[in-house]
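Novice: Just passing along the structure, written as structure tokens.
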Amino acid sequence: MNAKQSQRGGHGATLIQVHNSGLSYPDVREIALDVFRQNFVTLAGDAFKVAQQRAERITEEFLEALRRAHPQHLSIAADPAFQRSLFKAQEEYACSGDEEIAKVLVGLLVDRAKESARSLRQLALAEALVTVPKITSRHISTLSLIFLLRHLKVSGFTSFEAAIFELREKIQSVLEALEDSASDEEDLRYLQYAGCIQMGRSTMLSVAFWDEVPCLISQGVTRDCILDEWMPAFVPHPHHPDRFAVPITDIADLPSHLNRVGIDGAHQEAIASLATSNTLSENDLFDFLSEGSKTSRRLFNLFDGELMSAASLTAVGLAIGHVKLAMIDASLPGLEEWLRS
């Protein structure tokens, strides 16, 4: 059995207080819909009916997404702080009916539902739910573009030989989905005003690639650079036959690789230096990554612009940019990979 009662919250909000002895899915659904019914302003004529239908729709979509991904967190619906975030999403979609914004709000709600403890992630997600209604879908794509090219994380390659081509395919597929990214100075200034980005010193676009996948974009080293006792760690470079490479896609895998081939860990630093040396230049890297894709080339050029190259994401911008990328690429790690507290 569950006993429910209403309690007034801040700014006139009504919170649904639940004395819980085990919430079922229908209980959670009813609580979530009560949050809207008891807080939303009354509109005239058919407007209220339309708003209520929209609120029910986004609530159902959120609960179904949460049940699929994290059913253990359904009881969050009884939490007052979460109810406040839920109502913000319901209210926005009820009034705007914007389907693209609704998808982002649902994703943010699912992420927020996982955060029961007060933390930076919880605060960022709660603020993101308030911020999304204030920006456009183009702005959201822009935040996802910055996220992708500033905070690149890639994994799951089938082989070292195929990895660079798989990287290109993944990058291009995501960039195609972000084709509507905003490029005007006014858009970036507005995102700064909205608390999604901050402007600092310009950085080269390729830095994220050099940091995340240096082994993949290395063109290899010649035999004379490698001591004889290090050779078991190297293989002929798959794309440069006269050179050698360490066959790993992530430099973090180097210790286990050296252990497998019987090389003492004392040589790790020197071998790591060779494995990540002679990387593609920025121009060559982006010529390769954008090959055959006009959209990728345009967005690389956009990101290399004076303002965009100086933009970095705030915690709120990270949360928003991440959720759209996760909709495009289901293999993307959770937000906790970037916001750890």
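Novice: Work out the charge dipole of the stretch 211-314 with +1 on the Cβ of Lys and Arg and -1 on the Cβ of Asp and Glu about the Cα centre, then indicate which of G265, W230, F286 is farthest towards its positive end.
Specialist: Of the options given, the answer is F286.
Novice: From the mean inverse distance of alpha carbon pairs (Kirkwood) and the Cα radius of gyration, derive Rg over Rh for the stretch 41-120. Kindly include the intermediate steps, with their values, before the conclusion.
Specialist: Values: Rg = 13.0 Å, Rh = 13.1 Å.
Here the Rg-to-Rh quotient is 1.00.
Novice: I want to verify the translational diffusion coefficient of the chain in µm²/s; compute it with Stokes-Einstein, Rh as the Kirkwood radius over Cα pairs, at 25 °C and 0.890 mPa s.
Specialist: Values: Rh = 22.5 Å.
For the chosen part, D equals 109 µm²/s.
Novice: Along the stretch 214-225, what does the Karplus equation 6.51 cos²θ - 1.76 cosθ + 1.60 (θ = phi - 60°) give for ³J(HN,Hα), rounded to whole Hz, x for Gly and Pro?
Specialist: Listing the rounded values in order: x, 5, 6, 9, 7, 8, x, 10, 7, 4, 5, 7 Hz.
Novice: Determine the per residue accessible area of the chain with all protein chains present and a 1.4 angstrom probe, expressed in square angstrom.
Specialist: Counting only protein heavy atoms, the per-residue value for the chain is 48 Å².
Novice: Please give, to one decimal in nm, the separation of the simple spin-label points placed at R67 and S281, each 7 Å out from Cα toward the Cβ.
Specialist: 5.7 nm
Novice: Expressed as a whole percentage, what fraction of the accessible surface of the chain belongs to carbon and sulfur atoms when a 1.4 Å probe is rolled over the protein heavy atoms?
Specialist: Answer for the chain is 50 percent, counting heavy atoms of protein chains only.
Novice: How high is the FRET efficiency from T42 to R118, r the C-beta distance, R0 30 Å, rounded to 0.05?
Specialist: 0.35
Novice: Scan around C196 for amide H atoms under 5 Å from its own, H built in the peptide plane at 1.01 Å from N, and keep only partners 5 or more places away or cross-chain.
Specialist: HN-HN under 5 Å from C196: empty list.
Novice: With label points built 7 Å along Cα→Cβ from the Cα atoms of Q53 and T203, find their separation and express it in nm.
Specialist: Going from the Q53 label point to the T203 one covers 4.7 nm.
Novice: Let me ask something additional. Which whole-number percent is the relative contact order of the chain (Cα, under 8 Å, 6+ apart)?
Specialist: Normalised by residue count, the contact order of the chain is 19 percent.
Novice: A follow-up question, please. Divide the volume of the convex hull of the Cα atoms of the stretch 31-184 by its number of residues and quote the answer in cubic angstrom per residue. Display every interim value, and only then the final one.
Specialist: Values: hull volume 22.1 nm³, N = 154.
Once divided by residue count, the hull of the stretch 31-184 is 144 Å³.
Novice: State the percent of C-alpha pairs, over all pairs in the stretch 272-325, separated by a distance greater than 16 angstrom.
Specialist: 63 percent
Novice: Given H placed on each backbone N at 1.01 Å, which residues far from T279 in sequence or on other chains put an amide H within less than 5 Å of it?
Specialist: Q219
Novice: So, by mean Cβ neighbours within 10 angstrom, what's the order for 159-170, 27-38 with the highest one leading?
Specialist: In descending order of packing, they fall as 27-38, 159-170.
Novice: Shifting gears a bit: What distance in nm separates the two pseudo spin-label positions at D180 and V235, each 7 Å out from Cα along the beta-carbon direction?
Specialist: Inter-label distance under the simple model: 4.3 nm.
Novice: In nm², what is the average projected area of the convex hull enclosing the Cα atoms of the stretch 233-341?
Specialist: With every direction weighted equally, the projected area is 10.2 nm².
Novice: Any chance you could run the full-extension gain for D329 through E166? It's 0.36 nm times the residue separation minus the Cα-Cα distance, nm to one decimal.
Specialist: 57.3 nm
Novice: For the stretch 148-254, what is one quarter of the convex hull surface built on the Cα atoms, given in nm²?
Specialist: The orientation-averaged projected area of the Cα hull of the stretch 148-254 comes to 9.1 nm².
Novice: Take the chain, connect every pair of alpha-carbon atoms lying under 10 Å apart with a spring to form a Gaussian network, then pick out the residue of R138, R298, R260 with the largest mean-square fluctuation.
Specialist: R260
Novice: Hey, another quick one. Cα to Cα, under 16 Å, and not fewer than 8 places away if on the same chain: which aspartates and glutamates meet these conditions relative to K134?
Specialist: E91, E92, D98, E99, E100, E186, D187
The values are calculated or read from the model by the stated rules, or taken from the named source; none is laboratory data. In this text the structure is predicted, and so the values were computed from the model without any measurement. Methodologically, a virtual Cβ is constructed for each residue, glycine included, from the backbone with ideal geometry; neighbour enumeration extends over all protein chains shown. Quick note on the areas: whole protein, heavy atoms, side chains included, nothing else; ligands and nucleic acids left out. Shrake-Rupley method; radii C 1.70, N 1.55, O 1.52, S 1.80 Å.
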